[in-house]
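The values are calculated or read from the model by the stated rules, or taken from the named source; none is laboratory data. It should be emphasised that the depicted structure is a prediction, and the values quoted were computed from it without experimental measurement. Positions of Cβ are generated from backbone atoms using ideal geometry, with glycine treated the same way; all protein chains shown enter the neighbour counts. The accessibility values were calculated without ligands, DNA or RNA, using every heavy atom of the protein model including side chains. Shrake-Rupley method; radii C 1.70, N 1.55, O 1.52, S 1.80 Å.
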Amino acid sequence: MAGAGGDAARSRFAVVGGGIAGVTCAEKLATEFPSEDIYLLTASPLIKAVTNFKQVSKTLEEFDVEEQPSFLLEKRYPNIKVIQSEVKQLKSDEHKILTEDGREYVYEKLCLCAGAKPKLIFEGNPYVLGIRDTDSAQTFQKNLAQAERIVVVGNGGIALELVYEIQGCEVIWAIKDKAIGNTFFDAGAAEFLIPKLTAENQESPIECKRTKYTVEGNKEKERPTAASDKLGSALGPDWHEGLHLKGTKEFSHKVHIEVLCEVKKIHLQQEFIQLQQTSLTFPKEGKNAEPDEVLWPVYVELTNGKIYGCNFIVSATGVVPNVEPFLDGNNFAVGDDGGLQVDEHMHTSLPDVYAAGDICTAAWEPSPVWHQMRLWTQARQMGWYAAKCMAADTLGESIEMDFSFELFAHVTKFFNYKVVVLGKYNAQGLGSDHELMLRCTKGQEYVKAVMQNGRMVGAVLIGETDLEETFENLILNQMDLSAYGEDLLNPDIDIEDYFD
């Protein structure tokens, strides 16, 4: 490897980012070009690998995500060279990457997979924790051990799981929507899940096999200071497994949800005392909150006028694409959500630069039942497909859009229920031109089909419904189902017999 003064290291393919998109992309390139060196540049000593991959149906896939030291990847693919250093600058016109340690790498084709970072509600406040990766989840656990009350802000998957898992600590949960879990559900699904939030004793969680975390504890000392602001990779759906999420109080669940509000201001204790305002106790069943006598380290003022004191605030408000290191001096087209725009071949607006995963914004005309969502499944699909596109371009071949972009499909777990979301499951972008069909068995299953002009365009399945393949086919074939009317979801009619 050349030093700062010598010649730059050269390779045909370079990939930036050790998360799922980057690793999948590098692996695929390594298989397609066994005699070429593939450079994988990553800021962290650990990479994310997909394990136990299962194709559940045409579009649904399940896999575990494992953090591994990068030498394991190099062992599996001898032509992948992992370079552990942050990118300082991209000089796209020279096809060159400069790293923080002063080295230069020249590429023919580059794929940017640098992920996203947590969108913190207030930057630089010591009482605000952003949760997105293993490191931040561990910091969170240390803080929770001393906590009596926390405020959780955000309404995505991580906030949802967090609130469900925390025990022995009061949780004030502030969401800007009317119902919980808005990214994944509608109000009906939220209602179905809420009893699980208030259940006093939880069934012990089903043994979970999804993730093995190996943030090496024994090497703590070698970690540079301020490692916390380095980007870790995103969490998997079971990131909280193995973390003891228990606060100081003896009860199990205490969650109070403040809906349709956001955080207006955060006051430190001194500022709060000077405000001479009243903060509130944890609301008791059926009663309004009383003025709070306790002095808290930090106070959260919500846009609905209420103020709550707490030990700290968890910001689980989504992510922003991590584009900073690459913008300087490069004229990238950037999407409304801050990601690098890519076309249907994962090409950015710059020659020979591709992007995949959370950092990119799909700027092609999508299939009517697919949309982008920054999830692990899409990071894997995009990384794999980007590598195929890079290979096709290199060999001068043409390539079809990958089938995984035909239908949005995701399977996960919330509150110990299996959750499958398909297509426009929340009627995304359909306006009022749709109708919903529902079937719900309390504590057991929740089935919702989104219909438009007699055709199914989306679905939410919670519980062991066994309907995912049937519904997937119905959405993909766009078959006219108006003849079935309400019977479509009738549990006594075996719908699969119709559509096999």
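In the stretch 340-364, which residue that is part of a loop (DSSP other than H, G, I, E, B) and free of Cβ contacts under 8 Å to residues at least 40 places away in the same chain is least open to solvent (accessible area, probe 1.4 Å)?
Trp364
Right, Gly102: in the same structural domain as Ser349 (by the TED database), open to solvent by 20 Å² or more (accessible area, probe 1.4 Å) and either over 26 Å from the mean Cα position of the chain (by Cα) or free of Cβ contacts under 8 Å to residues at least 12 places away in the same chain (or both) or not?
So Gly102 fits the description; yes.
Quick one: in the stretch 321-339, which of the residues that are in contact with a strand residue (DSSP E or B) (Cβ under 6 Å, 6 or more places away or on another chain) and outside any loop (DSSP other than H, G, I, E, B) is farthest from Val263 (Cα to Cα)?
Among them, the one singled out is Phe326.
Report those strands (runs of 3 or more DSSP E) wholly inside the stretch 403-500 carrying at least 3 residues which are touching a Cys at 6+ places or on another chain (Cβ under 7 Å) and not acidic (Asp, Glu).
No strands (runs of 3 or more DSSP E) qualify here.
Looking at Asn477, Asn453 in this structure, which one is at positive phi and of a type in the set (S, T, N, Q)?
Asn453
For Gln270, work out the one condition from (1) in the same structural domain as Tyr127 (by the TED database); (2) buried (at least 16 other Cβ atoms within 10 Å of the Cβ); (3) not basic (Lys, Arg) it doesn't fulfil.
Of everything listed in (1) in the same structural domain as Tyr127 (by the TED database); (2) buried (at least 16 other Cβ atoms within 10 Å of the Cβ); (3) not basic (Lys, Arg), Gln270 misses just condition (2).
Could you grab me the full set of residues in the stretch 169-184 that are within 18 Å of the chain's Cα centre (by Cα) and open to solvent by 10 Å² or more (accessible area, probe 1.4 Å)?
Hits for the stretch 169-184 are Asn182, Thr183, Phe184.
I'd like to know if the stretch 418-429 contains one or more residues that are more than 17 Å from the chain's Cα centre (by Cα) and under 14 Å from Gln378 (Cα atoms).
Within the stretch 418-429, one or more residues are more than 17 Å from the chain's Cα centre (by Cα) and under 14 Å from Gln378 (Cα atoms).
Condition check ((1) at pLDDT 90 or above; (2) over 30 Å from Gln89 (Cβ atoms)) across all residues:
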residue: Pro283; (1), (2): no, yes
residue: Glu293; (1), (2): no, yes
residue: Asn304; (1), (2): yes, yes
residue: Ile307; (1), (2): yes, yes
residue: Ser315; (1), (2): no, no
residue: Gly318; (1), (2): no, no
residue: Phe326; (1), (2): yes, no
residue: Asn330; (1), (2): yes, no
residue: Gly338; (1), (2): yes, no
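Determine if the stretch 296-310 includes at least one residue that is in a loop (DSSP other than H, G, I, E, B) and surrounded by 17 or more Cβ atoms within 10 Å (Cβ to Cβ).
yes
Considering each of Asn143, Asn125, Asn52 in turn, give the residue that is surrounded by fewer than 22 Cβ atoms within 10 Å (Cβ to Cβ), of a type outside the set (Lys, Arg), outside any strand (DSSP E or B) and in contact with a Phe, Trp or Tyr (Cβ under 7 Å, 6 or more places away or on another chain).
Asn143
Does Glu27 satisfy being more than 18 Å from the chain's Cα centre (by Cα) and assigned to a loop (DSSP other than H, G, I, E, B)?
So Glu27 does not fit the description; no.
Please tell me if Ile83 is in a strand (DSSP E or B), surrounded by fewer than 24 Cβ atoms within 10 Å (Cβ to Cβ) and among the hydrophobic types (A, V, I, L, M, F, W, C).
Spelling it out, Ile83 is indeed in a strand (DSSP E or B), surrounded by fewer than 24 Cβ atoms within 10 Å (Cβ to Cβ) and among the hydrophobic types (A, V, I, L, M, F, W, C).
In the stretch 340-364, what residues are closer than 16 Å to Phe405 by Cα, among the charged types (D, E, K, R) and in contact with a strand residue (DSSP E or B) (Cβ under 6 Å, 6 or more places away or on another chain)?
Asp358
Here are some conditions: (1) touching a residue at least 60 places away in the same chain (Cβ under 8 Å); (2) closer than 24 Å to Pro283 by Cβ. Asp186 meets all but one. Which one does it not meet?
(2)
Please identify the pairs in which a residue from the stretch 66-90 that is in the same structural domain as Asn330 (by the TED database) has its Cβ atom under 7 Å from the Cβ atom of a residue that is part of a strand (DSSP E or B) and surrounded by fewer than 17 Cβ atoms within 10 Å (Cβ to Cβ), counting only partners at least 6 apart or on another chain.
As it stands, the answer is Glu66/Thr51; Glu66/Lys212; Ser70/Gln84, since those pairs meet every condition given.
Open to solvent by less than 60 Å² (accessible area, probe 1.4 Å) and either part of a strand (DSSP E or B) or touching a helix residue (DSSP H, G or I) at 6+ places or on another chain (Cβ under 6 Å) (or both): does that describe Glu108?
It is false that Glu108 is open to solvent by less than 60 Å² (accessible area, probe 1.4 Å) and either part of a strand (DSSP E or B) or touching a helix residue (DSSP H, G or I) at 6+ places or on another chain (Cβ under 6 Å) (or both).
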